[in-house]
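Engineer: Dumping the structure here so I can ask a few things about it.
The values are calculated or read from the model by the stated rules, or taken from the named source; none is laboratory data. Note that the structure is a prediction, hence the values are computed from the model and not measured. Backbone-built Cβ (ideal geometry, glycine too); neighbour counts: all protein chains shown. These accessible areas exclude ligands, DNA and RNA; they are computed on the full protein's heavy atoms, side chains included. Shrake-Rupley method; radii C 1.70, N 1.55, O 1.52, S 1.80 Å.
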Amino acid sequence: MSIIETRDLSFVYGIDTPFEKRAVNNVNIKIEQGEFIGIMGHTGSGKSTFVQMLNGLIKPTSGQVLLNGKDIWENPKEIRKVRFQVGMVFQYPEYQLFEETVYKDISFGPKNMGLTDSEIDKRVRDAARFVDLSGELLFKSPFDLSGGEKRRAAIAGVLAMDPDVLILDEPTAGLDPMGRDILLSQICQYHKQRKNTVLLVSHSMEDIARVSDKIMVMNKSNLEMFDKTKNVFSQNKHLEEIGLRVPQITKIMASLNEKGYDFSEGILTVEQAFAEILTKLNKEGKLW
Amino acid sequence: MVRDVTLGQYLPGNSLIHRMDARAKIVLLISFIVMIFCAFNFVSLALTAAVTILIVISSGIPLKMYLKSLKVIIFIVVITSVLNLFYGTGDPLWQWGFLKITWSGISRAIFVTIRIICLILATSALTFTTSPTNLTDALERLMKPLKVFHIKVHEIAMMMTIALRFIPTLLEETDKIMQAQKARGADMDSGNIIQRIKALIPVLIPLFVSSFRRAYELAMAMECRCYQGGEGRTKMKVLHMSAIDYIMIALMAVVLAGVIFCNIFFWELV
Ligand SMILES: Nc1ncnc2c1ncn2[C@@H]1O[C@H](COP(=O)(O)OP(=O)(O)OP(=O)(O)O)[C@@H](O)[C@H]1O
Ligand SMILES: [Mg+2]
């Protein structure tokens, strides 16, 4: 059974007003336990709206979201439980910090779950360790942290709930390249250890290519593609038509192939390309 | 959602009323409100209601939007009309203890209801058809004479513009923060009143913090563009009165005269 399944999921903003906008249109998708899914699409394509429906923050205009085979809106009173199972990190999550100390802020989620104090303490420290917030930072005011540290504190606030499904909406937006790489690898690390399901919304093809097993592409409120990362990124033309592109390195390798080389298809990261070229040169004996 | 508030929302369009000068609209609204409260009998009230309907139709805004803005104040309408129902004098039609309903009570209740509805519809017509910038611009022009009393008209208008400009932004922000805290299991929809107020803290603190940040940023941005108050400042879009505006003002004068005439002529119909 898929951990998350959507059936004809649609959402319309401002229904019955002149500003009516169909943000998500009939999306059918199945996500399996343990998968790392990248979500991409041009701005305004409905990615954020889609993911907010997955943990019941907004109620679908029509269609269903099934979590472990059960409609999450079956019993609206139980919707909070769904939110503990499906954790959501918003775009610019640092604006949700409010407590006196980082420690207290991270413990907000676990506290709402009604855990015991010792369990809360354990979870807060685990979550803080994942995002690399060291001991003394935990007892500072969240408003005294740097932008990147705030971001990590906010993400820890969701990790501390230890959700089965973790959704991150552009977690690396506005960070420096170094900070982006670090955050991304922390998320990967977390995914590997906990073996949970992760959905990552991102505008960076490089990031998505590096980490995800499958990619979901949204275009003008519709689901355009949902396939293995390699398969999606082999459709260069199609992606460019809908305002996206493949990672630069994939493009370079593809054009090298056009020029007559025969590197393997679907190279997604610089490391892969490096290894590939190295083997090729080695084989041809041109390396040393 | 918090955002579904229609009261005071601008809906762009190209109707007769959209094209009118904002100053004319404000002046007309004020005289219309005076007129509503000058209508003392059913004939003049009917005239006022008819004018209101004309305004609503010629604004070209979907009726649904007006109904939505009425929905917001339906509570006040019901309370005031029920109160008025019991305040009449004369022979009781129905009595229960000290509560009694009389013909004059019923007519008062109807009066009050129609008055409030006309008031809301006319005011909505103004805000639906006038952009906030035009509105405050017009207010600034209309209040200019107050400068004689050393009232900082421009500054007040600028503050109003900024406040109006940021209402949707703040609503949107509130929505976002609420969503984020709900995602962490915040429970805002249940519990007693103290629990509910406590549940607002995680929303209010980030909202304050970001409002201050926004205020700093806006002040900085304005200073960077050499804003220094109203002195010597010119307008990009100068308001100007056209034939429609003068015709409308003339019509309004006629209707107002009509209402006063009805009041005098049908005085016995109260
Ligand atoms: N609260 C809202 N009210 C009305 N319309 C909205 C609201 N939120 C989003 N929309 C509209 O819905 C559409 C989808 O928005 P959404 O935020 O899901 O896009 P997105 O794919 O996340 O974009 P981005 O990459 O810029 O974050 C957009 O056209 C947007 O204008
Ligand atoms: Mg988004």
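Engineer: Take the alpha carbon gyration tensor of the stretch A:247-288, find the square roots of its eigenvalues, order them as a ≥ b ≥ c, and report rounded if a/c is under 1.5; if not, report prolate when a/b exceeds b/c, else oblate.
Structural biologist: The shape class here is oblate.
Engineer: List the longest stretch of chain A that has no exposed loop site; here a site is one of the GluC sites (Glu not before Pro) assigned by DSSP to anything other than H, G, I, E or B, with at most 13 other Cβ within 10 Å.
Structural biologist: In short, A:101-264.
Engineer: Leaving out ligands, DNA and RNA, calculate the buried accessible area for the pair A and B with a 1.4 Å probe, summed over both sides, in Å² to the nearest 100. Mind dumping the intermediate values first?
Structural biologist: On the way: alone 14710 and 17590 Å², together 30200 Å².
Separately minus together, A and B give about 2100 Å² buried.
Engineer: Rg and Dmax of the stretch B:157-270, Cα atoms, in Å?
Structural biologist: That works out to 25.0, 67 Å for Rg and Dmax.
Engineer: Same structure, new question: Would you mind telling me which residue in A:Y92, A:Y261, A:Y103 has the biggest mean-square fluctuation in a Gaussian network model of chain A, where springs connect alpha carbons within a distance under 10 angstrom?
Structural biologist: Residue with maximal mean-square fluctuation among A:Y92, A:Y261, A:Y103: A:Y261.
Engineer: Run through the DSSP bridge list for chain A and note the antiparallel percent, rounded to the nearest 5. If you can, show how the numbers build up before the last one.
Structural biologist: Numbers: 20 of 38 bridges.
Roughly 55 percent of the DSSP beta bridges within chain A come out antiparallel.
Engineer: Using only Cα atoms and rounding to the nearest 10 degrees, what angle (0 to 90) does helix A:177-194 make with the longest principal axis of chain A?
Structural biologist: Approximately 70 degrees, to the nearest ten.
Engineer: Now for a separate question. Going by a ≥ b ≥ c, the root eigenvalues of the Cα gyration tensor, does chain A fall in the rounded group (a/c under 1.5), the prolate group (a/b larger than b/c) or the oblate group?
Structural biologist: Because a/c hits 1.5 or more and a/b fails to exceed b/c, chain A counts as oblate.
Engineer: With each label point set 7 Å from Cα along the Cα-Cβ vector, what nm distance links A:N28 and B:L63?
Structural biologist: Taking the two extended label points, one gets 4.0 nm.
Engineer: A follow-up question, please. With θ set to phi - 60°, apply the Karplus curve 6.51 cos²θ - 1.76 cosθ + 1.60 along the stretch A:120-126 and write out the HN-Hα couplings as whole Hz, x wherever there is a Gly or Pro.
Structural biologist: Karplus values, whole Hz, x for Gly and Pro: 4, 4, 4, 5, 4, 5, 4.
Engineer: Suppose a student asked you for the relative contact order of the stretch A:247-288, using Cα pairs under 8 Å spaced at least 6 residues apart; what percent would you report?
Structural biologist: 35
Engineer: Mind checking which lysines have their C-alpha under 24 Å from A:K220, skipping anything on the same chain fewer than 8 residues away?
Structural biologist: Within reach: A:K21, A:K30, A:K47, A:K59, A:K228, A:K230, A:K237, B:K176.
Engineer: If the chain between B:R165 and B:L218 were fully stretched, how many nm would it gain, using 0.36 nm times the residue separation less the Cα-Cα distance?
Structural biologist: Result: 17.9 nm gained on full extension.
Engineer: Based on the Cβ-Cβ distance of A:K195 and A:L278, what FRET efficiency does E = 1/(1 + (r/R0)^6) give at R0 = 30 Å, to the nearest 0.05?
Structural biologist: The calculated FRET efficiency here is 0.40.
Engineer: Along the charge dipole of chain B, Cβ charges K/R +1 and D/E -1, which of B:Y246, B:F75, B:L207 sits furthest on the positive end?
Structural biologist: B:L207
Engineer: Counting pairs on different chains as well as pairs 8 or more places apart, how many Lys pairs in the stretch A:75-180 have Cα atoms under 24 Å apart?
Structural biologist: Value for the stretch A:75-180: 13.
Engineer: Using a Cα-Cα cut-off of under 29 Å, which lysines could be cross-linked to B:K237, ignoring same-chain neighbours fewer than 8 residues away?
Structural biologist: B:K25, B:K144, B:K147, B:K152
Engineer: Additional query: Could you work out which residue, out of B:L47, B:L63, B:L11, moves most in a Gaussian network model of chain B, that is, has the largest mean-square fluctuation with Cα springs under 10 Å?
Structural biologist: Ranking B:L47, B:L63, B:L11 by mean-square fluctuation puts B:L63 first.
Engineer: For a paramagnetic label modelled at 7 Å from the Cα of B:Y87 toward its Cβ, which residues of the stretch B:111-138 fall within the zone defined by backbone nitrogen distances under 16 Å?
Structural biologist: B:111-117
Engineer: Using Cα-only point scatterers and the Debye equation, what is log10 of I(q)/I(0) for the protein assembly as shown at each q in 0.08, 0.11 Å⁻¹, rounded to two decimals?
Structural biologist: Values, matching the q order: -0.76, -1.12.
Engineer: Please check: in the Gaussian network model of chain A (C-alpha springs, under 10 Å), which one of A:N112, A:N55, A:N26 has the largest mean-square fluctuation.
Structural biologist: Highest fluctuation among the options: A:N112.
Engineer: If you don't mind, another one. Which aspartates and glutamates does B:K71 reach when only Cα atoms under 14 Å apart count, and residues fewer than 8 places away in its own chain are ignored?
Structural biologist: B:D4
Engineer: Then there's this: Suppose R0 equals 35 Å; then what is the FRET efficiency for A:E240 and A:C188 from their Cβ-Cβ distance, rounded to the nearest 0.05?
Structural biologist: Plugging the Cβ-Cβ distance into 1/(1 + (r/R0)^6) gives 0.80.
Engineer: Between B:W96 and B:F75, what is the label-point separation in nm under the 7 Å Cα-to-beta-carbon projection?
Structural biologist: Each label point is offset 7 Å from its Cα along the Cβ direction, giving 2.4 nm.
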